[in-house]
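The values are calculated or read from the model by the stated rules, or taken from the named source; none is laboratory data. Here the structure is a predicted model, which means the values were calculated and not measured. When we count neighbours, we look across all protein chains shown, and the Cβ atoms used for this are built from the backbone with ideal geometry, even at glycine. The accessibility values were calculated without ligands, DNA or RNA, using every heavy atom of the protein model including side chains. Shrake-Rupley method; radii C 1.70, N 1.55, O 1.52, S 1.80 Å.
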Amino acid sequence: MDKIITSDTFTAEDIKFLAEYELITIEPFFRADTFSLSGIEYGPFTPPIKTNVPIWVALTLKSQKLCKIISPSWLTVENLTILLDSETKETRFSAVPFYYAEISRMLLQSAEDDLKSPGELRMLLQQLKEKRENKIRIGLANLEPIPHKINNISAREIHIMRPTFVMVFDSLRRIQETTLKKSSGQNLSETTRRTVDIMSSQNIDDLMDIEGEIADYGEFMTYD
Amino acid sequence: MSDQQIEEFLAKEPKVPVKFNHDVQGLGKYIGSTKSNNVATNQCVELPFYIAAVLFKRRLVTMDRPAFLENKVINALQVNPLNVNLRILCPQFYTFAIKYLELYEDPDLAEILIKSKKIRGLEIFDRAKRIYEDHNEFIEKLDDGEQLMFEKQRAICEDSYVDYLRDFSKRS
């Protein structure tokens, strides 16, 4: 099979694709039996009874005017105001769903008429997004080369911060590693310590590489 | 070959000044010496880092800092990291500095490098978001790794800006 994936990380489209598999409640306008999609069964669909389907099914049905999408409990003006409040007051990220940016965007695009006060929702979501991005920026400014755990960060934000964070963090970690060895060899004299450093496991591979590269300059390599 | 591997490979290229602790016979022709085939004690030569590192490991030489890691540069990097043109100094500045620090441990230099890297990274993160601004002057000052970082960050920001415009045009 041909290699389809060319990027080494998730793209924005990949994240949107994954977000489309989140379940959402709909109120169908049609009658149908249970049907199976990707090995999971959905339905049965009986008009007044609400049921859960993936977002891509819901949006397809919506485009054919076959259902009404019930907005998720977090996508309301009240809840977003609370989230925005906690986002402003606390330094931590507030608890939003993992795919909140993608889901809210898809719903506001294709099912605007099923949401209450979409204009206000858009405004709140934009404010929430900007507050969270600002927190990411502060996080980057205070980045330390230690293991990090970030709670409640969403897929979209991971996607946005990935290139800079990964590359800066990798450099910081490698620079930090060079100083950490000091504690192990502090009592030794300087010359000995350098020798210890060179022979330590972290460096030996690199030096072996270098040695391999210039092994052809054989004459002086035997001098020892 | 990935970008990282190429970066690692090129970072071994810059020349560093070394001073020999011993007489070495038969090395002269490899380091470009015209006078004799032997290298004398206390002779100073400039060698590519990948050779110097091996000689240093065998304690044949003492290594000095290359010109682009001198105090003048380090001080500038400490005072105003954004104004230092790393591209002119060495296109693989940070990768080389890490390799150098692995041989010659120097906590003060490491601290300055960490601080400057963070400030430069933050500036890249900020500037990538500003779509309609001219960043050419800034990009010229970045080393290879940082330019790659800027490109990747920029691509993501452009994508999300296109999405934003599309949403906006649909609504109005």
Which pairs do you get when a residue that is closer than 18 Å to A:E87 by Cα, found in segment A:129-152, comes within reach of a residue that is open to solvent by 90 Å² or more (accessible area, probe 1.4 Å) and among the β-branched types (V, I, T), reach meaning Cβ atoms under 9 angstrom, with the pair 6+ apart or on two chains? A:K135/A:T91; A:I138/A:T91
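Looking at this structure, is B:Y30 at pLDDT 85 or above and either farther than 17 Å from B:Q92 by Cα or buried (at least 16 other Cβ atoms within 10 Å of the Cβ) (or both)? Please lay out each step first, then the result.
Values: at pLDDT 85 or above: no; either farther than 17 Å from B:Q92 by Cα or buried (at least 16 other Cβ atoms within 10 Å of the Cβ) (or both): yes.
In short, no.
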For segment B:63-107: of the residues being within 12 Å of chain A (Cβ to nearest Cβ) and of a type in the set (V, I, T), which is farthest from B:L142 (Cα to Cα)? B:I98
I'm trying to understand the selection: among the residues of segment B:123-133, which are at the interface with chain A (Cβ under 8 Å from one of its Cβ atoms) and within 18 Å of the chain's Cα centre (by Cα)? B:I124
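Looking at segment B:134-149, which of its residues are open to solvent by less than 40 Å² (accessible area, probe 1.4 Å) and either within 14 Å of chain A (Cβ to nearest Cβ) or not hydrophobic (A, V, I, L, M, F, W, C) (or both)? Break it down into steps so the answer makes sense when it comes.
Quick first cut of segment B:134-149, residues open to solvent by less than 40 Å² (accessible area, probe 1.4 Å) only: B:135, B:138, B:142-143, B:145-146, B:149.
Within segment B:134-149, B:H135, B:L142, B:D143, B:G145, B:E146, B:M149 qualify.
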Condition met for A:R193 (touching a Gly at 6+ places or on another chain (Cβ under 7 Å) and either part of a helix (DSSP H, G or I) or modelled with pLDDT under 90 (or both)): yes
Just one of the numbered conditions (1) farther than 30 Å from A:L180 by Cβ; (2) within 8 Å of chain A (Cβ to nearest Cβ) is not true of B:A110; which one? (1)
Taking segment B:17-31, which residues are away from every other protein chain (no Cβ under 13 Å) and more than 14 Å from B:L60 (Cβ to Cβ)? B:P17
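Is it fair to say A:T25 is in a strand (DSSP E or B) and touching a residue at least 40 places away in the same chain (Cβ under 8 Å)?
Working: in a strand (DSSP E or B): yes; touching a residue at least 40 places away in the same chain (Cβ under 8 Å): yes.
Criteria met by A:T25.
Inspect segment B:82-93 for any residue being surrounded by 16 or more Cβ atoms within 10 Å (Cβ to Cβ) and either in contact with a His (Cβ under 9 Å, 6 or more places away or on another chain) or outside the structural domain of B:Y161 (by TED's automatic domain parsing) (or both) and give the result as yes or no.
Taking segment B:82-93 and keeping what is surrounded by 16 or more Cβ atoms within 10 Å (Cβ to Cβ), we get B:84, B:86-87, B:89-93.
Okay, now just the ones that are also either in contact with a His (Cβ under 9 Å, 6 or more places away or on another chain) or outside the structural domain of B:Y161 (by TED's automatic domain parsing) (or both), so none.
Within segment B:82-93, not a single residue is surrounded by 16 or more Cβ atoms within 10 Å (Cβ to Cβ) and either in contact with a His (Cβ under 9 Å, 6 or more places away or on another chain) or outside the structural domain of B:Y161 (by TED's automatic domain parsing) (or both).
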State which residue pairs qualify: first residue under 18 Å from B:Q25 (Cβ atoms) and in the same structural domain as B:V16 (by TED's automatic domain parsing) and inside segment B:38-51, second residue small (G, A, S) and outside any loop (DSSP other than H, G, I, E, B) in any location, beta carbons under 8 Å apart, and separation of 6 or more residues or different chains. B:N38/B:G28; B:V39/B:G28
